[in-house]
Structures are given as C-alpha cells and as structure tokens.
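I have placed the structure first, in the form of structure tokens, so that the comments after it can refer back to it.
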Amino acid sequence: MTAIAPSRTVAIPASHLDLLTRPVPGVLTTLGADGQPQSSLVWVDCDGECARVNTTLQRQKGRNLLADPRVSLLVVDPLDAARFMQIRGDAELVTEGALAHLDALTRKYTRHPCYYGFVHPVEQQRDETRVICRIHARRITLDAIHA
C-alpha cells in the first residue's frame, strides 16, 4: 500500500540522525478532514532514507494520512531542548513488514519483546491494519546551533 509516489527525498542530516536512532519520541502532525492539525506522540526510527513511525489505518492519524499524505515530524533532544529536527514531507504507507517494525520499535522504547500481548492486548491485533509511515522529507529544519 502506498499513499504517494515520492519524487525526491531530502537526506536526514548526519548531525541529527541520532534523534531517530536513540529512543527519543517524536510528535507526528497530520491534517484532519477539516484541515486542522492533529498531533500524536509517536515512536520513531529511520530506514536509512526516511524517518518512520508505525500506526494503524483505524487510528485518526492513519485515516488522516490516507486522505492527505502531508505530515510533519518533530523530534526534540531530551538532553538539550534547543536541539531538534523537524521533518516536513509526504507519507508513504507500507503494510509489508509493519508488525515486525512495530515489534522492533517496542523493543527500542520499552523492555517488552513485542507490542501485542505486552503493550496492548493481543486481541486488539485482529481489529487493526498496521502500517509503516515512511516520511519522505521535503524540508528539514534544525535548531539554530546546528543549522
């Protein structure tokens, strides 16, 4: 499943890649049907090209991304609040490997081996369609110190 066919992705600067590889949560902002922003605290990582988060098509952010792939991800260094990275771009929604990705994020951010059965009830899995949201950056803003 792909919500967009991205043409060009801005590279994530090496100076701030650690914000995606360390267990630092981010704030993902999508646009609702009424055009209003909707923000969620999310677990993040990077696949070498794109920042990634994991969601379901049943949650508000998943429904928003299906309707409008424009997205913003803000990650602030918890050790230095003046150091941050904002990624604005377009979401590509991928179902393949989404559960494995979710379990990897779970191990990164918690002490649990997997998401379903530890973070959320295993019964919830059957009612959800998991997707990886790959964020194809169109613009990246860094803190003034590292810009």
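In contact with a helix residue (DSSP H, G or I) (Cβ under 7 Å, 6 or more places away or on another chain) and closer than 23 Å to Arg138 by Cα - does that describe any residue in the range 91-109?
The answer is yes, given that some residue of the range 91-109 is in contact with a helix residue (DSSP H, G or I) (Cβ under 7 Å, 6 or more places away or on another chain) and closer than 23 Å to Arg138 by Cα.
Just checking, does the range 96-114 include any residue being closer than 17 Å to Gln58 by Cα and part of a strand (DSSP E or B)?
There is no residue in the range 96-114 that is closer than 17 Å to Gln58 by Cα and part of a strand (DSSP E or B).
Can you name every residue in the range 72-99 that is of a type in the set (Asp, Glu) and within 27 Å of Gln36 (Cα to Cα)?
Initially, the range 72-99 is screened for residues of a type in the set (Asp, Glu), giving 77, 80, 90, 92, 96.
Residues satisfying the conditions are Asp77, Asp90, Glu92.
Looking at Arg111, Arg88, can you tell me which residue is loosely packed, with under 13 Cβ neighbours inside 10 Å and at pLDDT 95 or above?
Details: Arg88 fails: loosely packed, with under 13 Cβ neighbours inside 10 Å.
None of the other options fit; the residue is Arg111.
Would you list the strands (runs of 3 or more DSSP E) that sit entirely within the range 31-82 and hold 3 or more residues that are open to solvent by 40 Å² or more (accessible area, probe 1.4 Å)?
Numbers: elements: 37-42, 51-56, 70-76.
Of the strands (runs of 3 or more DSSP E) lying wholly inside the range 31-82, those with at least 3 residues that are open to solvent by 40 Å² or more (accessible area, probe 1.4 Å) span 37-42, 70-76.
Does the range 16-27 hold any residues that are in a helix (DSSP H, G or I) and open to solvent by 60 Å² or more (accessible area, probe 1.4 Å), and which are they? Please lay out each step first, then the result.
Initial filter on the range 16-27 (in a helix (DSSP H, G or I)): 16, 18-21.
Listed by number, the list holds a single entry, Thr21.
Does any residue of the range 121-142 turn out to be open to solvent by less than 10 Å² (accessible area, probe 1.4 Å) and outside any strand (DSSP E or B)?
no
The values are calculated or read from the model by the stated rules, or taken from the named source; none is laboratory data. Because the structure is predicted, anything quoted here is derived from the model rather than measured. Note: ideal-geometry Cβ built from the backbone for every residue, glycine included; neighbour counts use all protein chains shown. In case anyone asks, the SASA skips ligands and DNA or RNA and just uses the protein heavy atoms, side chains included. Shrake-Rupley method; radii C 1.70, N 1.55, O 1.52, S 1.80 Å.
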